[in-house]
1. Considering only protein heavy atoms and a probe of 1.4 Å, how much of the accessible area of the chain is carbon and sulfur, as a whole percent?
2. Could you let me know the centre-to-centre spacing of region 97-147 and region 268-309, using Cα atoms, in angstrom?
3. Which value in deg cm²/dmol, rounded to the nearest 500, describes the helix-derived mean residue ellipticity at 222 nm for the chain, given -39,500 (n - 2.57) per DSSP H run of n ≥ 4 and division by the residue count?
4. How large is log10 I(q)/I(0) at q = 0.14 Å⁻¹ when the Debye formula is applied to the Cα atoms of region 149-278, each weighted equally and without solvent?
5. Could you give the alpha-carbon Rg of region 77-165 over 2.2 N^0.38 Å, rounded to two decimals?
6. In nm², what is the average projected area of the convex hull enclosing the Cα atoms of region 204-249?
7. Give the accessible surface of region 7-141 per residue, rounded to a whole number of Å², with probe radius 1.4 Å and ligands, DNA and RNA excluded.
8. Run the paramagnetic zone check for D49: 7 angstrom along Cα to Cβ, then residues of region 65-81 with backbone nitrogen under 14 Å.
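The values are calculated or read from the model by the stated rules, or taken from the named source; none is laboratory data. Computed from a prediction, not measured in an experiment: that's the story for all the values here. Neighbour counts run over all protein chains shown; Cβ positions are idealised from the backbone, glycine included. Areas reflect the complete protein model, heavy atoms only, side chains present, ligands, DNA and RNA absent. Shrake-Rupley method; radii C 1.70, N 1.55, O 1.52, S 1.80 Å.
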Amino acid sequence: MKATAAAHANIALVKYWGKRDEARLLPEAASLSVALDRLRTTTTVELGDFAADSFTLDSRDEDPSRARALLDAAGIRRRARIESRNEFPTAAGLASSASGFAALALAACAAAGLRKTAEELSALARLGSGSAARSVPGGWAVWENESARQVFPPSHWDLRFCVAICASGPKQVGSRDGMRISRETSPYHAAFIEQCRRDLPAALHLLSARDLPELGALAERNALRMHADALAADPPLLYWEPATVACLHALRALRASGVAAWPTIDAGPHVVAICAPEHAGAVVERLRPIPGVADVLVCAPAGGAHLLP
Ligand code: PMV
């Protein structure tokens, strides 16, 4: 009746930004991500005769309704006591919903004694947050329809992902609303989705060839185009802080000086610099002193959601 699971957040190189089915959380286009080892969430689920569902994240009470939707879809009717902990500084938009819902899907099914395939668990995690579908298989993952699958294990490529934390506090517009507003009002949205359909096969080819300059450049373009889509929405969605822009310039300057690192940015202010392990030190040294950058976390590819004893 009680189980604990861990999962890692992921960063997308080809972004998910728009649903073709709002109720079922199905994406308009396929996305590609990698799970990040230092962005880990552990979640304990206890099922019992409690008066109501409860959900705490880092000891703070949260609304359990999205978690309940996931439990209902799994056929779990009993009330749940859910305790989730992020093992990284909980900062704005640091993608903890992906690791949180992936860990929740696994822990809840284990607590209920349900035997589910990885595919079924990914589909369940998706109902909490779309990108959580990719944190279930972990590694390099592609999500297209009901569930995500691992296309390469974490060991395929020893890259570093330097997460520059560029703000604190919650962001103003969450991804769910942000992508809906973009799809409904941005004149660039259809073009962005078309772009993602072209980017995914190209990115998979570059990933299999371990071509960092080309994959890094593709990831940077894809992220900036997603933000162009969001910026053109009504009301406009501006996720960046001054430190975000400063990091983008700093990475350009670094590349000009021979340090190969490319940025990507989710729906928030933080910049994730993609580089080879030998360049991570130089990236941290350059980004850390930027005003507004609270910290830089260096991550490596991680595996999928797993149960803990
Ligand atoms: O899973 P959500 O609903 O939080 O959406 C995530 C959207 C992005 O992080 C911006 C892109 C992505 O593919 O992860």
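1. The value for the chain is 51 percent carbon and sulfur by accessible area.
2. 24
3. Numbers: 9 runs with 113 residues, N = 309.
So the calculated ellipticity at 222 nm is -11500 deg cm²/dmol.
4. -0.69
5. Numbers: Rg = 13.9 Å, N = 89, 2.2 N^0.38 = 12.1 Å.
After normalising by residue count via 2.2 N^0.38 Å, the value is 1.15.
6. Values: hull surface 15.8 nm².
That works out to 3.9 nm², a quarter of the Cα hull's surface.
7. Numbers: 4860 Å² over 135 residues.
Solvent-accessible surface per residue comes out at 36 Å².
8. Answer for region 65-81: 78-79.
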